[in-house]
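Just below is one structure, and these are the notes that go with it.
The values are calculated or read from the model by the stated rules, or taken from the named source; none is laboratory data. As the structure is a prediction and not an experimental result, all values here were calculated from the model. Don't worry about glycine lacking a Cβ; one is built from the backbone with ideal geometry, like all the others, and counts go over all protein chains shown.
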Amino acid sequence: MDMDSPATGVHVAAGKGRPVALITGASSGIGAALAHVFAQNGHEVVLAARRERQLAAIAERIRAAGYRAPHIVPVDLTRADSAEHLAQALAARHLEPAFLVNNAGYGLLGPAAKLDRGEQLGMIDLNCRSLTDLSLRWINSLARHRGGILNVASISGFIPGPGMSVYNASKAYVISFSVGLRRELKPKGIRVTALCPGPVPTEFQARAGILDVHYPRGFDRSAEDVAQQGYRGLMRNRAVVVPGLHNKLVPWLPRFLPRDVLAGLVYGRLRRWEDA
Ligand SMILES: NC(=O)c1ccc[n+]([C@@H]2O[C@H](COP(=O)([O-])OP(=O)(O)OC[C@H]3O[C@@H](n4cnc5c(N)ncnc54)[C@H](OP(=O)(O)O)[C@@H]3O)[C@@H](O)[C@H]2O)c1
């Protein structure tokens with residue numbers, strides 16, 4: 001027997017599930033764009049996030065564009081039992097992930113000592129714990145379908161981020177975990193890619209409390225562009241994908257500047273936000 005989720009109580013025989021691309025955080029922004037890209041490339045997609053109406057609207061847009069109608073699974077991924085809930089929902093429909101996109105995530109702007117502690121711990125639950133749980137849950141089916149995992153990190157994961165300390169640390173975890181897991185899963189033929197966008201105008205900024213956004217010219221990209229590059233990078237089995245020429249400089253910064261100096265530069269931006 002080859003069942004990935006023994007606790008589901010729903011029996012799915014080895015190789016009997018229909019292969020799908022499971023995309024978390026698919027109700028808006030980069031996740032919704034990734035859902036379109038996977039559907040355009042012929043994948044049957046499962047969209048997961050909390051807001052059912054938004055998920056249904058994205059699914060309808062994909063169906064109306066002539067692609068296979070997506071499945072939707074409303075779920076709060078900060079809940080400890082959420083991965084199990086997703087596993088049961090898939091098994092009940094006789095679906096199994098060939099591709100997994102861990103995209104759901106949020107950030108919070110402000111000094112960590114002042115921000116709400118519970119919300120910051122929730123960020124770790126979503127950005128790190130849930131992503132890890134889902135990444136490890138379907139290894140057998142990912143291998144069976146020669147598929148892969150696309151973990152959405154950020155260029156923030158390459159640098160310390162006073163003003164978004166917990167967020168940057170959570171994304172550093174995603175990059176490190178993804179590259180390590182990638183090596184471990186290579187013999188099984190499973191691709192693992194960390195997608196590291198720079199600034200992308202989505203609902204992310206409002207959720208993070210970033211009200212007055214002034215990104216240096218050339219750093220911001222559209223969600224559609226980021227999704228295209230992420231999909232292509234995963235299919236070409238790239239370890240790390242950083243969309244945008246300017247953003248590609250960021251991973252190199254810690255090689256030239258001590259981390260503490262970098263933290264001071266980033267903190268300058270926080271002080272301006274604090275004064276605003
Ligand atoms: N936008 C940027 O500048 C930027 C840059 C680098 C990296 N990123 C990363 O890109 C990813 C997508 O962000 P985005 O920019 O597309 O932001 P977004 O538009 O706010 O999308 C976030 C997605 O995550 C879902 N989500 C949030 N909390 C959730 C929860 N508890 N359970 C399940 N789903 C949840 C949201 O859906 P519901 O609210 O319906 O649950 C939404 O679908 C995130 O990991 C983010 O860190 C963004």
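Output the number of the condition that LEU109 fails; it satisfies all remaining conditions of (1) over 27 Å from ARG51 (Cα atoms); (2) within 14 Å of the ligand (Cβ to nearest atom); (3) of a type outside the set (Lys, Arg); (4) not in a helix (DSSP H, G or I).
Only one criterion in (1) over 27 Å from ARG51 (Cα atoms); (2) within 14 Å of the ligand (Cβ to nearest atom); (3) of a type outside the set (Lys, Arg); (4) not in a helix (DSSP H, G or I) is unmet by LEU109, namely (1).
Which is in contact (Cβ under 8 Å) with a residue 24 or more places away in the chain and either away from the ligand (no atom under 16 Å from the Cβ) or among the charged types (D, E, K, R) (or both), of ARG117, ARG146?
Checking each option against the conditions leaves just ARG146.
Which condition does SER27 not pass, out of (1) surrounded by 21 or more Cβ atoms within 10 Å (Cβ to Cβ); (2) under 25 Å from LEU185 (Cβ atoms), if it passes all the others?
(2)
Evaluate the following for LEU55: is it closer than 26 Å to GLY230 by Cβ, at pLDDT 95 or above and within 9 Å of the ligand (Cβ to nearest atom)?
yes
All but one of (1) in contact (Cβ under 8 Å) with a residue 60 or more places away in the chain; (2) over 14 Å from the mean Cα position of the chain (by Cα); (3) closer than 24 Å to ASP225 by Cβ; (4) away from the ligand (no atom under 14 Å from the Cβ) hold for VAL37, so report the exception by its number.
Of the numbered conditions (1) in contact (Cβ under 8 Å) with a residue 60 or more places away in the chain; (2) over 14 Å from the mean Cα position of the chain (by Cα); (3) closer than 24 Å to ASP225 by Cβ; (4) away from the ligand (no atom under 14 Å from the Cβ), the odd one out for VAL37 is (4).
For region 64-83, how many residues are buried (at least 17 other Cβ atoms within 10 Å of the Cβ) and within 14 Å of the ligand (Cβ to nearest atom)?
Total meeting the criteria: 9.
Can you name every residue in region 120-138 that is aliphatic (A, V, I, L, M) and either within 14 Å of the ligand (Cβ to nearest atom) or closer than 19 Å to PHE204 by Cβ (or both)?
Once the filter is applied, which keeps residues that are aliphatic (A, V, I, L, M) and either within 14 Å of the ligand (Cβ to nearest atom) or closer than 19 Å to PHE204 by Cβ (or both), region 120-138 yields LEU121, MET123, ILE124, LEU126, LEU131, LEU134.
Residue check, ALA227 against (1) in a loop (DSSP other than H, G, I, E, B); (2) over 18 Å from MET164 (Cβ atoms), all met but one. Which one?
It is condition (1) that ALA227 fails.
Check PHE177, PHE219 and return the single one that is assigned to a helix (DSSP H, G or I) and within 16 Å of the ligand (Cβ to nearest atom).
PHE177
Would you check which residues across region 88-106 are within 16 Å of the ligand (Cβ to nearest atom) and in contact with a strand residue (DSSP E or B) (Cβ under 9 Å, 6 or more places away or on another chain) and list them?
If the condition is that a residue be within 16 Å of the ligand (Cβ to nearest atom) and in contact with a strand residue (DSSP E or B) (Cβ under 9 Å, 6 or more places away or on another chain), then ALA89, LEU90, LEU100, VAL101, ASN102, ASN103, ALA104, GLY105 are the ones that fit.
What's the number of the condition ALA194 fails, among (1) within 13 Å of the ligand (Cβ to nearest atom); (2) not in a strand (DSSP E or B)?
Answer for ALA194: the failing condition is (2).
May I ask you to verify whether ASN127 is in contact with a Gly (Cβ under 9 Å, 6 or more places away or on another chain) and either within 17 Å of GLY147 (Cβ to Cβ) or of a type in the set (A, V, I, L, M) (or both)?
No: the conditions fail for ASN127.
Please verify whether region 181-197 includes one or more residues that are closer than 30 Å to ASP116 by Cβ and among the β-branched types (Val, Ile, Thr).
Scanning region 181-197 turns up no residue that is closer than 30 Å to ASP116 by Cβ and among the β-branched types (Val, Ile, Thr).
Could we say that GLY105 is small (Gly, Ala, Ser) and modelled with pLDDT under 95 here?
no
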